[in-house]
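Data block below; observations after.
The values are calculated or read from the model by the stated rules, or taken from the named source; none is laboratory data. Model, not experiment: these values are computed from the prediction. Positions of Cβ are generated from backbone atoms using ideal geometry, with glycine treated the same way; all protein chains shown enter the neighbour counts. Side chains are part of the model used for accessible areas, which takes the heavy atoms of the whole protein and leaves out ligands, DNA and RNA. Shrake-Rupley method; radii C 1.70, N 1.55, O 1.52, S 1.80 Å.
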Amino acid sequence: MPPDAIASGPQATSPLVVVTGERPRDTLDEPTLTASRLDLSIRETPATVEVLSQDELQRRGVRTAREAFDQIVGAISGNVPGNPATVSMRGFAGNTVSILQDGVRIAASTITQRDTDMWHYDRIEVLKGPASVLYGEGALAGAINKVTRKPVLSEWTMDLLLSGGSFDTVFAGAGVNLPVSPAVAVRADASYQRSDSLYDVDHNATVSTGLTASALYKPNDRLSVLIAVDHFEDRYDASYQGLALIPARYALDPSDAVTTTNGLVADRALRRRNYNPLGAWSGADETTIRSRTDWVMGDGWTLAVDLTGYTAKRAFLLADTQSFVAPSPAFPNGAIRQSYQDFRHDHHFWNARAAVGRDGTILGLRHRFTLGGEYNDTDFTSLRRQAPPGSLPDVDVRAPAPIAAPTSPAIFTSGNVTFVSKLKQASAFAEEAVNLTPRWLVVGGVRWDHIALDRMTIQNVGGAIDRNTPRFDPVSWRAGTSWAATPGLTFYAQYTTAVSPVSSILLASITNSRFRLTHGRSVEAGFKASGWAGKASLTGAVYRIEQSDILTRDPTNPSLSVQGGRQSSRGVELSGAITPVPPLKLSAGASYTDARYDALSELVGGVRVDRSGNRPINVPATTLFASAFYTIARSVTLGGLMHQAGGFYTDTANSIHVAGHMLFDASLSVPVAQRVTLTLRGRNLTDRFYGEFSGYPTTNIYIGAPRSFDIALAARL
């Protein structure tokens with residue numbers, strides 16, 4: 001990343017003012033920090049790269065990380081209590097999608113990701129397809145980089161946003177950029193959000209706060225130093241597991257949102273019910289301190305050094321399984337029977353990365369290369385206590401009486417352990433881009449990781465310890481090319497490899513930590529086009545991703561888990577934007593994914609069952625997005641959004657199918673003073689009852705929020 005990328009660029013723009021009459025910039029020619037360390041533009045990069053700016057997120061009314069990830073073409077996201085804002089993309093989900101904070105991967109996304117307020121981020125950059133060559137194990141389906149707002153020299157600004165709406169949801173955000181001297185600037189952003197429930201669910205109040213602050217020292221064009229601190233907190237009261245499916249004969253208002261092979265349905269009459277005990281909650285408290293130094297050494301040579309320290313505490317207290325019990329004299333409507341869990345995380349991480357690069361010529365050809373190394377250290381302790389089904393009192397399915405969260409440790413009979421993981425990882429990486437001709441670029445990269453894990457399982461009752469110390473030395477690489485057929489049209493192709501553990505490396509059981517890493521590979525080809533003086537752009541891609549050595553069942557001894565399973569996806573993506581006249585902005589994106597288990601078997605009732613050919617969990621076949629914003633007389637702006645996602649399954653047996661859905665949002669923005677805008681927004685205007693995601697158990701479905709409205713006042717001073 002060049003030093004001036006910190007001090008200028010998209011972060012300097014405001015999401016609060018609609019500007020018309022300017023010449024549109026060609027976003028395909030802008031550099032991306034996530035797709036390579038060679039300062040390649042999106043057009044040059046031989047992969048699908050998507051960027052959602054703060055301006056665009058604000059225009060679409062995006063509030064949280066889950067809502068932001070849902071904006072990515074071909075992706076869906078859900079707020080599973082154990083891993084909020086989990087993502088499914090290109091046929092894979094969970095740990096196979098890496099989520100970064102300013103280019104650093106702290107751990108698997110299902111451990112670290114929270115549903116944070118998007119106020120703090122300048123943009124989201126998405127690299128689709130395997131990204132292990134850049135970010136190590138786990139990045140099989142892609143990487144999502146959340147880039148925080150940075151200081152800007154010589155520009156004093158203050159941004160404000162206040163909003164309130166349905167479900168007693170309120171939000172307040174403020175940010176200030178302050179030049180201290182010609183060489184120093186500071187920025188700070190704060191946010192607060194509370195809601196009775198973003199999903200309109202009983203006993204599910206949420207509160208989240210954030211503070212990000214940074215200081216930039218840039219005495220000249222050759223040196224820049226950034227120091228930053230990020231702090232986020234969130235809490236969800238009475239954790240919510242989603243809508244529990246019940247037999248159709250007991251449903252008062254059965255819907256077609258979910259169909260199952262055993263007659264379970266989603267009952268609209270239970271839309272707001274939350275059976276979790278009062279006092280159960282989930283939340284996180286996390287702090288990151290980081291620095292970035294960029295030095296232009298001369299003759300095209302650069303040096304970049306990143307240092308990151310991170311600490312977090314997380315808690316997940318909830319009813320992790322919920323099942324319907326037929327009517328009885330005690331519960332004539334039927335009851336819900338639940339288990340209970342108490343999981344805690346104590347997470348400490350630090351990372352150091354240095355990279356030297358050069359942009360110059362060799363034998364008359366332009367060469368850009370980067371050579372670097374990275375080292376990180378993780379201490380992770382997790383208390384895991386589980387109580388079996390029936391450990392909580394049954395509750396009426398229609399009118400659940402409030403029950404208290406248990407406090408006695410005696411109920412934790414099915415699991416009471418502490419996991420201790422110490423992970424050390426050393427990496428070396430190299431990338432190179434060579435212009436064989438001014439229009440033909442060849443790009444390559446390779447990464448070697450040495451992963452050393454010390455994993456202990458301590459039985460909290462009795463003190464028995466099981467331990468494993470696996471070592472992994474994976475090598476990932478990629479090779480690609482892009483060719484500028486015309487000044488506005490580029491074709492590209494790429495082959496990429498990746499590695500991923502069979503489950504999250506920090507949370508893997510002792511048994512799973514003894515398995516080798518799975519291997520992935522991908523081939524992708526596509527085009528990137530722009531024209532009409534920067535007013536229009538269109539990108540398209542076709543791809544295939546394969547993952548081998550996933551866990552399956554031993555054909556000769558089905559009770560044993562072995563590696564040898566395979567999973568794959570292939571698909572097509574298309575996205576574009578056009579500004580036919582200055583007042584009108586149109587954009588759209590569509591995807592089709594054919595995902596399947598190529599080889600997978602499971603143990604069901606002591607019998608090995610073949611799942612080959614089935615579709616993976618939480619993977620829709622299609623997604624579609626479209627937006628239109630029209631400004632009347634350079635003041636009032638009308639906006640409309642459409643989101644569509646196809647149906648998906650919640651289990652590997654493909655016995656529970658969640659129907660697809662189409663949603664419509666609309667907005668009206670009116671200036672009320674100079675640089676002050678009032679926006680009225682309606683979400684899910686047709687009040688669609690739909691399944692958004694599934695987590696655990698498979699018979700619980702997260703139902704999307706009903707129709708809602710909010711009003712926001714935004715200002716830039």
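About its Cα centre, the dipole of the chain is roughly 540 debye, where the only charges are +1 on Lys and Arg Cβ and -1 on Asp and Glu Cβ. If only the Cβ of Lys and Arg carry +1 and only the Cβ of Asp and Glu carry -1, the dipole of region 382-503 around its Cα centre is close to 120 debye.
In region 588-717, inverting the average of 1/r over every pair of distinct C-alpha atoms gives 17.7 Å as the Kirkwood radius. Taking 0.36 nm per residue of separation and subtracting the Cα-Cα distance, full extension of the segment from residue 450 to residue 468 would add 4.8 nm. Is the C-alpha gyration tensor of region 57-209 telling us rounded, prolate or oblate? Criteria: a/c under 1.5 is rounded; beyond that, a/b larger than b/c is prolate, otherwise oblate. Because a/c hits 1.5 or more and a/b fails to exceed b/c, region 57-209 counts as oblate.
Only helices enter this figure: runs of n ≥ 4 DSSP H residues, each worth -39500 (n - 2.57), summed and divided by the residues of the chain, yield -500 deg cm²/dmol at 222 nm to the nearest 500.
Give me the extension gain from residue 222 to residue 475: residue separation times 0.36 nm, minus the current Cα-Cα distance, reported in nm with one decimal.
Taking residue 222 through residue 475 to full extension adds about 87.7 nm, to one decimal.
Eigenvalues of the alpha-carbon gyration tensor of region 359-451, scaled by 5 and square-rooted, set the equivalent ellipsoid semi-axes at 58, 20, 9 angstrom, largest first. Working note: Cα gyration tensor of the chain, eigenvalues times five, square-rooted, sorted largest first, giving semi-axes of 40, 31, 26 Å. Taken one residue at a time, the phi angles of region 208-215 give Karplus couplings (6.51, -1.76, 1.60, θ = phi - 60°) of 9, 9, x, 9, 10, 9, 8, 10 Hz. Gly and Pro are set to x.
In this structure the chain gives 38 Å² per residue of accessible area when probed at 1.4 Å with all protein chains present. Based on Cα contacts under 8 Å between residues 6+ apart, region 216-327 shows a relative contact order of 32 percent. Of the peptides 112-122, 514-524, the order by per-residue mean of other Cβ atoms within 10 Å, starting with the highest, comes out as 112-122, 514-524. Judged by the gyration tensor of its Cα atoms, with axes a ≥ b ≥ c, region 659-717 is prolate; a/c meets the 1.5 cut and a/b is the larger of a/b and b/c.
Shown for the chain: the carbon plus sulfur share of the solvent-accessible area, taken with all protein chains present and a 1.4 angstrom probe, equals 60%. A protection proxy built from the mean count of other Cβ atoms within 10 Å ranks the segments 210-218, 307-315, 633-641, most packed first, as 210-218, 307-315, 633-641. For the pair residue 154 and residue 610, label points projected 7 Å from Cα toward Cβ lie 7.0 nm apart. Between the C-alpha center of region 266-285 and that of region 105-175 there is a gap of 26 Å. Bridgeable lysines around residue 218 (alpha carbons under 25 Å apart, same-chain partners fewer than 8 residues away excluded): 146, 150. Efficiency by 1/(1 + (r/R0)^6): what FRET value for residue 366 and residue 181, r their Cβ-Cβ distance, R0 = 45 Å, to the nearest 0.05? Taking R0 as 45 Å, the efficiency between residue 366 and residue 181 is 0.75. Our Cα-only numbers for region 106-162 put the radius of gyration and Dmax at 14.9, 41 Å. Can you give the percent of C-alpha pairs in region 314-404 whose distance is more than 22 Å? Roughly 60 percent, rounded to a whole number. If R0 is 30 Å, the Cβ-Cβ spacing of residue 333 and residue 262 corresponds to a FRET efficiency of close to 0.90. Rounded is the label for region 63-149, because the ratio a/c of its alpha-carbon gyration tensor axes (a ≥ b ≥ c) stays below 1.5. A protection proxy built from the mean count of other Cβ atoms within 10 Å ranks the segments 643-649, 296-302, most packed first, as 643-649, 296-302. Using a probe of 1.4 Å, the accessible surface attributed to residue 561 totals some 50 Å² when neighbouring protein chains are kept in position.
Both numbers refer to the Cα atoms of region 125-277; Rg and Dmax are 23.1, 73 Å. For the pair residue 325 and residue 30 in one chain, pulling the backbone fully straight at 0.36 nm per residue adds 100.5 nm over the alpha carbon distance.
Restricting attention to the chain, close to 100% of DSSP beta bridges with both partner residues there are antiparallel. Label positions at residue 622 and residue 344, each projected 7 Å from the Cα along the C-beta direction, are separated by 4.9 nm.
Spacing of the modelled spin labels on residue 414 and residue 440, each 7 Å from Cα toward Cβ, amounts to 6.2 nm.
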